[in-house]
1. Could you check the spin-label model distance between residue A:223 and residue A:89? Points 7 Å from the Cα along Cα→Cβ, value in nm.
2. Using DSSP H assignments, which helices in chain B have an axial alpha-carbon span of 20 Å or above and a mean Kyte-Doolittle hydropathy of -1.0 or higher?
3. So if I take the centroid of the Cα atoms in region A:91-138 and the same for region B:50-107, what is the distance between those two points in Å?
4. With a Förster radius of 45 Å, plug the Cβ-Cβ distance of residue A:29 and residue A:319 into 1/(1 + (r/R0)^6) and report the FRET value to the nearest 0.05.
5. Please give, to one decimal in nm, the separation of the simple spin-label points placed at residue A:74 and residue A:182, each 7 Å out from Cα toward the Cβ.
6. List the pairs from B:121/B:204; A:143/A:298; A:386/A:409; A:255/A:319 whose alpha-carbon separation is above 18 Å, in the order I gave them.
7. Note the direction-averaged projected area, equal to a quarter of the hull surface, for the Cα convex hull of region A:29-119, in nm².
8. Sequence neighbours fewer than 8 away in the same chain don't count; with that in mind, list the aspartates and glutamates whose C-alpha is under 19 Å from residue B:215.
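Readers should treat all values here as calculations from the given coordinates under stated rules, not as data from a laboratory. Not measured: the values here are computed from a predicted model. A quick note on method: Cβ atoms are made from the backbone with ideal geometry, for glycine too, and the neighbour counts reach across all protein chains shown.
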Amino acid sequence: MTTILSLKNISRSFPGVQALDDISLEVEQGTIHALVGANGAGKSTLMKILSGALAPDSGEMIFENAPYAPADPSAAIKDGIATIYQELNLLPTRTVTANINVGKEPNHFGILDEKTERQKAASALAQLNASYIPLQALVGNLKVGEKQIIEIAKALVGKCKLLILDEPTAALNDSEIIPLFNIIKDLKNQGVTILYVSHRLKEIFALADVVTVLCDGKLVVTSLINQVTPDILINHMTGRKKIKSAFPEKNKVIKEEVLRLEHLSSSMVFKDINLSIHRGEVIGITGLAGSGKVELGKALIGDFPINSGQVFLQGIPFKPSPAKAKSAHIGYMPEDRKKEGVLEELSVQRNISLPSLSDLTQFPGFILFNKERELAQQGVEELDIKTPSLKQIVRNLSGGNQQKVSLAKWLATNSEILLLIEPTQGIDVGVKFEIYELIHKLSAQGKTIILVSSEISEIIGLAHSIVVLFNGQIQAILDGNQTNEEEVLQATFGK
Amino acid sequence: MRYQRKNNSQKVLQIIGENGYIFIFALWFIFLSFKTDTFLTSQNILTVLRQGAIVSIAAIGEMLVMLLGGMDVSVGALLGFSGIVGANLMVDFNLSPALAGLVCVLVGGMIGLVNGFLVTKVRINPVVATLGMMTVLNGLALAWTQGKTVAGSQLDSIAFLSRGYIGSIPFSVILMLLFYCIFYLILNKTVFGARIYAIGNNEKASWLAGIEVDKLKMLTYTIAGFLGGFSGLLQVSRQGSATSSMGNEFLFPILTAVILGGIGLSGGKGKIQNTLIAVIFLMTINNGMVLLGIPLYTQDIIQGLILILALSLDRLHYRNR
Ligand SMILES: Nc1ncnc2c1ncn2[C@@H]1O[C@H](COP(=O)(O)OP(=O)(O)OP(=O)(O)O)[C@@H](O)[C@H]1O
Ligand SMILES: [Mg+2]
């Protein structure tokens, strides 16, 4: 085997954070090399250095036996290193075709060759078994899962020798991951080297040849995958801190209806949804990408149109809008963290306090900063948000920590109903179960949790009842205490 | 290739970059202090501040709107038109100065409300909406005055606003500082301020967090209108008259000051005190060149160059990765 990439003593710091500390690493040609570590461990920083988006403070890199120091991402792509970032980088107002070809548009003397462009896009999508995505669709209108596919297609169009994937499956359902894995294995067989970042250990063991663990910016260990177990990896990741790994026992639901959906429909996306949701209940909604689960969640908050049917809140008709939902004590954590969940340029503190701000004031609207700080501090501790200070702007946090901020701000409100869409997406295994504990605690206090998630184990572990959507309709409502993964999975396929 | 830690000169450059225009301002200030005998006198400094008062008060409104991610290019025309209405009511209808002043401010607020309505409910791009408003207002101003200057002894009663002194301090300077203190508190200490920043930062996320974005935007455009109307009143007081074109000279310095002060065009970021400093900087550019006896056309060139230099330094640190 030959070494395609080697890193020597790479360090990088940010104000108040040593993100990478003297990393030395070798990656073998044609392997799938996984990178794991807790939120904020430095994984994305390392990938950004490889892709030319960040420069290291010190150290050197060798790619294909030549010194490698990309000045910017386009230089890295020319050298054959393509990257799919944790945060998707797409042009929302351009078509699928344009997005897939961006930066390498086929042309004759500068005149766009639209036909080749379309062909390339179509074949890249076909390679991903995703020809169902219309080439002319605007990317902004696609779902997160579909956008992810566009990102991968984008990388496939270039000539890439090393493909970096930073949490590509965070937003995908268990069953949607399989085609992606097949693609990745295919690419490997064609000799492409893969660097793969993920929090899902199951994936790592299914896919990787070699795994490297980062902890607080330091490289802990690099090992062949068959020489480690998930427990060993978790130990390395968390610095041997004990972590929870069991779902809390579910508590009893109070037979008092808080929310009822009657014949709720939205043009073609979901149809005739009837549900009765109770106090203290955790209700799980799942389904494949495109099943309408996210849109149903959005509709309940007024972020997706309802064409017919009605929502009743405590028996009273309720016409959803974010402001009305807020005054009715409904909290909503959206799916697309970066675009909808956090205010990137504002501090961690302000982000967490934002929905509670009007409760933290004195006449005539002056903010009580001490209370605001307390509230934020509590959220930071509860969810173990890694930040140098409460004043840090959210853009500077790692992806998983941003996700935690977007969750913390809703946990901090006194919401009676919490609508959480993919709440643990991108959150490391060490903290995931802390979040499950919190959800459980809230439900024990009589709060209602609507949990929209594509992670079936999470849904089964937490929900009292599980609503499975298929093609916009309720395929099954399963008892969370009786069902199993297989049954839920079957239902997501309409069986 | 080896990467090196950032060296010291890069760090200095970064610090300068982060405070770009303030740095240039400081250099310019020191230069003028040594080069002329007249610049660093309390008399001259107060003159500079007084010249800045009207621009700076209207600039608060523009700043609020731009913090939201919007823009109001009608601010000059709004200022001029409200001033004309106020002056006209005093001169031709003998309305009491207090009442006419109030109407003047209210007219500004009404126009701001219409701007806000166009931007939020009709969903017209802010630049286009307020550009349209600007044209309408300029036309109305001409029609109202029929091209004549509105002047009369009645306007003497408001002269104090712009030209009066309390002790040795111009009253308009006191007003300016008062406005900046009030809006500093509003922006930094109140929920309303926090929400303006939130919306400018990420409108969708703010909306989803339950903030009534449209209402808040309309309110902000209206406040900007009030401030513009009040500035119009100050301008009438300063000139002792009103002309249909008197608002025109304001748009450029207001926009420049707000942008120079670090309010990005996409909103959500920036400090109100920097807007004030930027206005004063702009005023010292003019003032300094007059003191230096630089010919008029050269003044324009130098003014433009200083602005570009300050803005480039300001953007410099964004490149640092
Ligand atoms: N631009 C930045 N400015 C300041 N700090 C930063 C910046 N980017 C990253 N950091 C910090 O560097 C550390 C490593 O971040 P990184 O994004 O590499 O983590 P990660 O391992 O990818 O985590 P996650 O699993 O949450 O995605 C974090 O503590 C983060 O706050
Ligand atoms: Mg990351």
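1. Distance between the two pseudo-spin positions: 3.4 nm.
2. What comes out of the filter, once short or polar helices are dropped, is B:20-35, B:42-67, B:75-93, B:97-120, B:126-145, B:171-189, B:213-239, B:272-292, B:296-319.
3. 52
4. 0.15
5. Once both label points are built, they end up 3.7 nm from each other.
6. Among B:121/B:204; A:143/A:298; A:386/A:409; A:255/A:319, the Cα-Cα distance tops 18 Å for A:255/A:319.
7. Result: 8.6 nm².
8. A:303, B:62, B:72, B:203
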